[in-house]
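Read through the structure below, which is laid out as structure tokens, and then see the notes.
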Amino acid sequence: MRNVSIGLTLLLAPGVAPAQVLDPFYAGDYTLTDHGSVPGVPTPYGGLTFDPADHNRLLIGGSANTLNADIYEIRVARDASGAMSGFVCGASVSFADAYGETGGIDGGLTFGPGGVLFYTSYRDNLVGQIRPGSTAPDRLVALTPLGVFPSVGALMIVPPGFAGAGRLKLASYNAWRWYDATLTPDGSGTYDIALSPGWITGTTAPEGIVYVRGGNPGFAADSVLVSEYGAGRVSSFEIDANGDPTAATRRTFVSELAGAEGAAIDPATGDFLFSTFGGSNRVIRVSGFSAFPTCVGDLNGDSTVSIEDLAILLGSFGMEGAGDLNGNCLVDLADLAQLLANFGTICP
């Protein structure tokens, strides 16, 4: 089992993070904010991701690496600039079970095609898949027979606009190997995984992966950020023509971390978030990135703000729900105004 007795402990209230350190190469352009622990989520933490249809809904793994592992959901608050400012609407609630055969959710958690939620399970070397509307895994894919060295830690599906878009990337925590794979519908709403030959080394005990567009400060080319648990850091790598990291371009992004774990991009702002496993069990946000192209008000994820989105918003009017565009825990006239201001917009 992983050693979760991390010596570095964060003792201050949420605010500008005092312990983690941005590498000097990036420090002038980015800011770390420590949002503390997530109310109601049992530790240690696993991966985290935002709902692509509701940017104020954050999912995060709890009781990671155990058969009691679950995915929890909580709504985030935003400040006037749209940046995440904290957790709101009370404690988190259970979204779905995220167990494996002998373990549970680890650092990988992301939405994929068909709205399926994918996660990695440690130490049983599995990928779990949860269909929309399900509260438990609908399929567990064993990775050892496919050639992934036990056990997997991280996964990510390459976003649109990057080399290798749509391909599944897997990374072995124990062997420090990065694998490329494809997803094919299996006819039941989940997906078969086919591994490409070979692997790449160069990441240290990987747990979380996000893609960063070239042109952001300090990123001359499209890149990945990798949470490297074993090294207590997040590192950046430029990607190749297949969307894989180029080991020779590795550069430390954040260091002095207590168990760098999951990783996610806030689709509303482009901010980078990561969770920590063991020790302090917190969520850290790095601001300074440009947002991915997005449509405020695109509630059904079809890249258009339309009558369908208006119907979703009106269906939750006066309550919490997917139409809460400003993160104040209530779908109200302010949210309606935002949606109508973008009505008819087609996302890039």
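The values are calculated or read from the model by the stated rules, or taken from the named source; none is laboratory data. Here the structure is a predicted model, which is why all the values come from computation and not from measurement. All Cβ positions, even for glycine, are placed from backbone atoms using ideal geometry, and neighbour counts span all protein chains on display.
Quick notes on this structure:
- Out of Thr110, Thr120, one residue alone is closer than 27 Å to Thr304 by Cβ and in the same structural domain as Thr31 (by TED's automatic domain parsing). It is Thr110.
- Condition met for Thr252 (at pLDDT below 95 and either in the same structural domain as Gly112 (by TED's automatic domain parsing) or among the hydroxyl-bearing types (Ser, Thr, Tyr) (or both)): no
- Any hit, the stretch 208-229, residues being assigned by TED's automatic domain parsing to the domain that holds Phe149 and farther than 30 Å from Asn56 by Cβ: yes
- Residues that are aliphatic (A, V, I, L, M) and either farther than 13 Å from Leu109 by Cα or in a loop (DSSP other than H, G, I, E, B) (or both) within the stretch 19-73 comprise Ala19, Val21, Leu22, Ala27, Leu32, Val38, Val41, Ala53, Ala64, Leu67, Ala69, listed in sequence order.
- Hey, Val127 in a strand (DSSP E or B), at pLDDT below 95 and touching a Phe, Trp or Tyr at 6+ places or on another chain (Cβ under 7 Å) or not: no
- Consider the stretch 152-176 and keep the residues that are out of contact with any Ser or Thr (no Cβ under 9 Å at 6 or more places or on another chain) and in a loop (DSSP other than H, G, I, E, B). The one that is farthest from Arg123 (Cα to Cα) is Gly161.
- Subset tally (residues that are within 17 Å of Asp51 (Cβ to Cβ) and either modelled with pLDDT under 95 or part of a strand (DSSP E or B) (or both)) for the stretch 98-112: 5
- Meets criteria (in contact (Cβ under 8 Å) with a residue 12 or more places away in the chain, buried (at least 16 other Cβ atoms within 10 Å of the Cβ), over 20 Å from Pro52 (Cβ atoms) and over 23 Å from the mean Cα position of the chain (by Cα)) for Leu330: yes
- Flag for Leu170 being of a type in the set (A, V, I, L, M), within 17 Å of Phe277 (Cβ to Cβ) and in contact (Cβ under 8 Å) with a residue 12 or more places away in the chain: no
- Selection of the stretch 308-348 for residues being over 23 Å from Thr269 (Cβ atoms) and among the acidic types (Asp, Glu) yields only Glu308.
- Subset of the stretch 282-337 [out of contact with any helix residue (DSSP H, G or I) (no Cβ under 7 Å at 6 or more places or on another chain) and of a type in the set (S, T, N, Q)]: Ser287, Ser290, Thr294, Ser303, Thr304, Ser306, Ser316, Asn328
- Subset of the stretch 313-327 (residues that are crowded, with 17+ Cβ neighbours inside 10 Å and farther than 13 Å from Arg57 by Cβ): Leu313, Asn326
- The residues in the stretch 177-213 that are touching a helix residue (DSSP H, G or I) at 6+ places or on another chain (Cβ under 8 Å), in a loop (DSSP other than H, G, I, E, B) and surrounded by fewer than 22 Cβ atoms within 10 Å (Cβ to Cβ) can be counted, and the count is 3.
- Looking only at the stretch 338-348, residues that are touching a helix residue (DSSP H, G or I) at 6+ places or on another chain (Cβ under 8 Å) and part of a loop (DSSP other than H, G, I, E, B) come to 1 in all.
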